[in-house]
Amino acid sequence: AAKSLGRNNYQIYEISAEQAQQQNMALKSGLRHAEHNGELRVFYQPQVDAASEDIVGMEALVRWEHPELGFIGPGFFIPLAEETGLIVSIGEWVLRTACKQAQEWERKFGLRLRLGVNLSAVQLMQPNLLDIVSSALQDSGLDPGLLEMEVTESISIKAAPNLVENLHGLHKLGCRIAIDDFGTGAASLDYLRKLPADRIKIDQSFVRNIGVDPDDEAIVRATIEMAHRLKRGVVAEGVEIEQHLHFLRANRCDELQGYLFCRPLPPPAFEKLLHERQRLLATADAAEE
Ligand code: C2E
Ligand code: MG
Ligand code: MG
Ligand code: MG
């Protein structure tokens, strides 16, 4: 069977279970040194306002640039990092790196972009999570209101000690909370009820079926409506084609994220995008005068 390490990433074909296990072991030991060896990268994917399509935020997405295998996607190595407990230090590194980067772009472009950072269950259960986040905010100088923690609802509230306290604590620090992959876990509504969530991120599996499956379309519509009634924001993930955009816009989704607008980019390419945006705005201003 083909085992994919994620989109555009290294692929392994036709390997036995035993070989796969050996490979995982080798990767786990490599992962142990990845941070120290400077092999981790943070990419950034824009989030745009649904009406204007102007960039309003970004999500930080980690990648591992393996010295022999090339880029490995988080869908593959985050589970390994969670099993080994390495996620705690990798997660802290991502958070610190992304906060510094966001603050640098704010200073350079005068743009207050929101920064989404994914937190895994292991991190959310850490008793010192709040200290880590406050320290990352303090060291970077980033406004806490610009930091949005993405929490996936595959984590059971009951099985995760400290989770509810940590999320309330993050809220008190001034951070925002988003429920990631909304609709795919077993506890979407329970999450909405019990956690201080500011936003819902509609999972890409629903967005992908816009124009394909009327039931999924109904779920997307209802989710947007519900979010608004609860005075929460709503973002759609995995917006790939114009048809998705039109449907989501017509149904008043607030923000959009997906390949239609932009793939996750390494920092220099993201910065180029911000320069380009600034140049276009300046040209438009000059034309108006
Ligand atoms: P996620 O948080 O739901 O992130 C969105 C994923 O969808 C990203 O995959 C992104 O590249 C991909 N994506 C964006 N637009 C489109 C689109 O239009 N079509 C399709 N098909 N995909 C799109 P990525 O970067 O491979 O990350 C996968 C998952 O790994 C993330 O899902 C998140 O759960 C996890 N992850 C990524 N970075 C981190 C991190 O720093 N910490 C933790 N704990 N998890 C992370
Ligand atoms: Mg996310
Ligand atoms: Mg998601
Ligand atoms: Mg996720």
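The values are calculated or read from the model by the stated rules, or taken from the named source; none is laboratory data. Please read all numbers here as calculations on a predicted model, not as lab measurements. Heads up, the Cβs are rebuilt from the backbone with ideal geometry, glycines too, and the neighbour counts pull from every protein chain shown.
Just to be sure before I move on: is GLY30 surrounded by fewer than 16 Cβ atoms within 10 Å (Cβ to Cβ) and either within 17 Å of the chain's Cα centre (by Cα) or at pLDDT 85 or above (or both) in the structure I sent? Break it down into steps so the answer makes sense when it comes.
Numbers: surrounded by fewer than 16 Cβ atoms within 10 Å (Cβ to Cβ): no; either within 17 Å of the chain's Cα centre (by Cα) or at pLDDT 85 or above (or both): yes.
Against the criterion (surrounded by fewer than 16 Cβ atoms within 10 Å (Cβ to Cβ) and either within 17 Å of the chain's Cα centre (by Cα) or at pLDDT 85 or above (or both)), GLY30 does not qualify.
If the condition is being more than 9 Å from ligand 1 (Cβ to nearest atom), under 24 Å from ILE177 (Cβ atoms) and hydrophobic (A, V, I, L, M, F, W, C), then region 235-264 contributes VAL235, ALA236, LEU248, CYS253, LEU256.
Would a scan of region 205-219 turn up a residue that is acidic (Asp, Glu) and within 16 Å of ligand 1 (Cβ to nearest atom)? So that I can check it myself, show each step before the final result.
Within region 205-219, the subset acidic (Asp, Glu) is 213, 215-217.
If we keep only those that are within 16 Å of ligand 1 (Cβ to nearest atom) as well, we get 216.
The answer is yes, given that some residue of region 205-219 is acidic (Asp, Glu) and within 16 Å of ligand 1 (Cβ to nearest atom).
The residues listed here are PHE206, PHE270; of these, the one that is touching a strand residue (DSSP E or B) at 6+ places or on another chain (Cβ under 9 Å), more than 16 Å from ligand 2 (Cβ to nearest atom) and aromatic (Phe, Trp, Tyr) is PHE270. The strands (runs of 3 or more DSSP E) found wholly in region 131-237 and carrying at least 1 residues that are hydroxyl-bearing (Ser, Thr, Tyr) and under 23 Å from PRO46 (Cβ atoms) occupy 147-152. Evaluating ILE210 against the criteria (1) away from ligand 3 (no atom under 12 Å from the Cβ); (2) surrounded by 18 or more Cβ atoms within 10 Å (Cβ to Cβ); (3) under 16 Å from LEU163 (Cα atoms) leaves one unmet condition, (3).
When the residues of region 181-194 are filtered to those that are among the hydrophobic types (A, V, I, L, M, F, W, C) and surrounded by fewer than 18 Cβ atoms within 10 Å (Cβ to Cβ), which remaining residue is farthest from MET226 (Cα to Cα)? Before you say what the answer is, go through the steps one by one.
Going residue by residue through region 181-194, those that are among the hydrophobic types (A, V, I, L, M, F, W, C) are 182, 186-187, 189, 192.
Of the ones still in play, those that are also surrounded by fewer than 18 Cβ atoms within 10 Å (Cβ to Cβ) are 186-187, 189, 192.
Numbers: ALA186: 17, ALA187: 15, LEU189: 10, LEU192: 10 Å.
This residue is ALA186.
So which residues in region 168-178 are within 16 Å of ligand 4 (Cβ to nearest atom) and either within 15 Å of GLN123 (Cα to Cα) or touching a Cys at 6+ places or on another chain (Cβ under 6 Å) (or both), if there are any at all? I'd like the intermediate steps shown before the answer.
So in region 168-178, the residues within 16 Å of ligand 4 (Cβ to nearest atom) come out as 177-178.
Listed by number, the list holds a single entry, ILE177.
Just to verify a result, which residue in region 204-218, among those that are charged (D, E, K, R) and without any contact (Cβ under 8 Å) to a residue 24 or more places away in the chain, is farthest from HIS246 (Cα to Cα)? Break it down into steps so the answer makes sense when it comes.
Taking region 204-218 first, the residues charged (D, E, K, R) are 208, 213, 215-217.
Cutting the leftovers down to without any contact (Cβ under 8 Å) to a residue 24 or more places away in the chain gives us 213, 215-216.
Values: ASP213: 16, ASP215: 17, ASP216: 15 Å.
Taking the candidates together, the pick is ASP215.
For LEU115, the test of being part of a loop (DSSP other than H, G, I, E, B), within 24 Å of PRO266 (Cβ to Cβ) and in contact with a strand residue (DSSP E or B) (Cβ under 9 Å, 6 or more places away or on another chain) is failed.
Restricted to region 98-157, and to residues there that are surrounded by 18 or more Cβ atoms within 10 Å (Cβ to Cβ) and among the hydroxyl-bearing types (Ser, Thr, Tyr), the residue that is farthest from ligand 3 (Cβ to nearest atom) is SER140.
Only one entry in GLY141, GLY110, GLY185, GLY145 is on the phi > 0 side of the Ramachandran plot and either within 15 Å of ligand 1 (Cβ to nearest atom) or at pLDDT 95 or above (or both), namely GLY141. Within region 34-90, the residues that satisfy the criterion of being of a type in the set (Gly, Ala, Ser), away from ligand 1 (no atom under 14 Å from the Cβ) and farther than 30 Å from ASN251 by Cα are GLY38, GLY70.
Would you confirm whether any residue within region 10-22 is in contact (Cβ under 8 Å) with a residue 60 or more places away in the chain and surrounded by fewer than 19 Cβ atoms within 10 Å (Cβ to Cβ)? Within region 10-22, one or more residues are in contact (Cβ under 8 Å) with a residue 60 or more places away in the chain and surrounded by fewer than 19 Cβ atoms within 10 Å (Cβ to Cβ).
Would you check if ALA159 is within 21 Å of GLU82 (Cα to Cα), away from ligand 4 (no atom under 16 Å from the Cβ) and of a type in the set (A, V, I, L, M, F, W, C)?
On the way: within 21 Å of GLU82 (Cα to Cα): yes; away from ligand 4 (no atom under 16 Å from the Cβ): yes; of a type in the set (A, V, I, L, M, F, W, C): yes.
Yes: the conditions hold for ALA159.
Residue pairs whose Cβ atoms lie under 8 Å apart, sitting 6 or more positions apart in sequence or on different chains, and linking a residue in region 261-289 that is assigned to a helix (DSSP H, G or I) to a partner that is of a type in the set (Ser, Thr, Tyr), are PRO267/TYR44; PHE270/TYR44.
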